[in-house]
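The values are calculated or read from the model by the stated rules, or taken from the named source; none is laboratory data. Everything quoted here is computed from the prediction, not taken from an experiment. Using ideal geometry, Cβ is built from the backbone for each residue, glycine included, and neighbour counts are taken over all protein chains shown. With ligands, DNA and RNA removed, areas are computed over all heavy atoms of the protein, side chains included. Shrake-Rupley method; radii C 1.70, N 1.55, O 1.52, S 1.80 Å.
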Amino acid sequence: MDADQAPSPNFNDRKHPVDMLVLHYTGMESGDAALARMCDPAAEVSAHYMVWEDGRITQLVAEDKRAWHAGVSSWQGDDDLNSRSIGIEIVNGGHDVPLPDGTLPPYPDQQITALIALCQGVLARHAIPADRVVAHSDIAPTRKTDPGEHFPWARLAAAGIGLSPVSGDAMAATDELSTGHTGAQVSALQHALKAIGYRLEASGTYDAATRLVVCAFQRRWLPDRLTGNADRNTLARVRDVYAAVTASSGPPSSASSSSASRPS
Ligand SMILES: [Zn+2]
């Protein structure tokens, strides 16, 4: 990998070995604006890498240091995800800077090609299980929507980056679950989402937190169905991803927590 260097002052020491990869979009008008912000000590945000639209890569923080991109977040019971992750910012306006017609700006091919090579290098240098390659929206579903439902996760999965669930049979005889529903089916859904990694209380009630986590799940795994309701396709997909997680790794690790730095 050939990366430009733009050292950011916004980092400190890790408290854990690297075992996660977190993908973001910059959500700003330009890559230059995002880079300036991540190098501004007052902003207190950074990432290890930024990938430009044309495929150029800029490194801001050394991989053995703790960059400040995840903010308050959680995955598979772990907190302080900045301490255990590599953070990559992908230049894209996302939901904050959409196209004039209101749609999300596409990720150019050459950008994704460069990102895939970068991720493959990261995965070669660190032991990162497939179910710990995540979106910022996975680890902070109440606050974040990046890298967005327009991000080509399937292309990354085909290149060996992240989970690649096999689609099973559609779940039989399950009605759509949505806000206000209670009972065993809701509990089962919550337990499965928790096992995948999302922070969620298995209360048995389809509450606002459940809806936000279902949105985060759909944003990554069913981007055409971003409803927050668990319809049959969503329930089947949850089961597929849960099965892929179970197959790809042992039980989730537990870890001590400490407060994370700042959102990016
Ligand atoms: Zn982010």
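Picking from Ala124, Ala154, Ala140, Ala117, which residue would you name as being closer than 28 Å to Pro17 by Cα and modelled with pLDDT under 95? Answer to the selection: Ala154. Gly197 falls short on exactly one of the conditions (1) surrounded by 19 or more Cβ atoms within 10 Å (Cβ to Cβ); (2) in contact with a helix residue (DSSP H, G or I) (Cβ under 6 Å, 6 or more places away or on another chain), and that condition is (2). Quick one: in the range 176-194, of everything that is assigned to a helix (DSSP H, G or I) and under 23 Å from Gly148 (Cα atoms), which residue is most open to solvent (accessible area, probe 1.4 Å)? Taking the candidates together, the pick is Lys194.
Scanning the range 61-75 for residues that are without any contact (Cβ under 8 Å) to a residue 60 or more places away in the chain and either open to solvent by 10 Å² or more (accessible area, probe 1.4 Å) or of a type in the set (Gly, Ala, Ser) (or both) turns up Ala62, Asp64, Lys65, Ala67. Among the residues of the range 58-71, is any touching a strand residue (DSSP E or B) at 6+ places or on another chain (Cβ under 8 Å), in a strand (DSSP E or B), away from the ligand (no atom under 16 Å from the Cβ) and closer than 15 Å to Asp4 by Cα? Among the residues of the range 58-71, at least one is touching a strand residue (DSSP E or B) at 6+ places or on another chain (Cβ under 8 Å), in a strand (DSSP E or B), away from the ligand (no atom under 16 Å from the Cβ) and closer than 15 Å to Asp4 by Cα, which makes the answer yes.
Those residues that are part of a loop (DSSP other than H, G, I, E, B) and within 15 Å of the ligand (Cβ to nearest atom), I need them from the range 9-42; list them, please. Break it down stepwise before answering.
Initially, the range 9-42 is screened for residues part of a loop (DSSP other than H, G, I, E, B), giving 9-10, 14-19, 26-30, 39-42.
Within the range 9-42, Asn10, Thr26, Gly27, Met28 meet the criteria.
Would you confirm whether or not the range 143-160 contains a residue that is within 16 Å of the ligand (Cβ to nearest atom) and assigned to a helix (DSSP H, G or I)? Scanning the range 143-160 turns up at least one residue that is within 16 Å of the ligand (Cβ to nearest atom) and assigned to a helix (DSSP H, G or I).
If you go through the range 180-204 and keep only what is farther than 29 Å from Pro152 by Cα and out of contact with any Gly (no Cβ under 8 Å at 6 or more places or on another chain), you end up with Gly180, His181, Gln185, Glu201, Ala202, Ser203. Applying the condition of being in a helix (DSSP H, G or I) and crowded, with 21+ Cβ neighbours inside 10 Å to the range 123-142 and asking which residue is farthest from the ligand (Cβ to nearest atom) yields Asp131.
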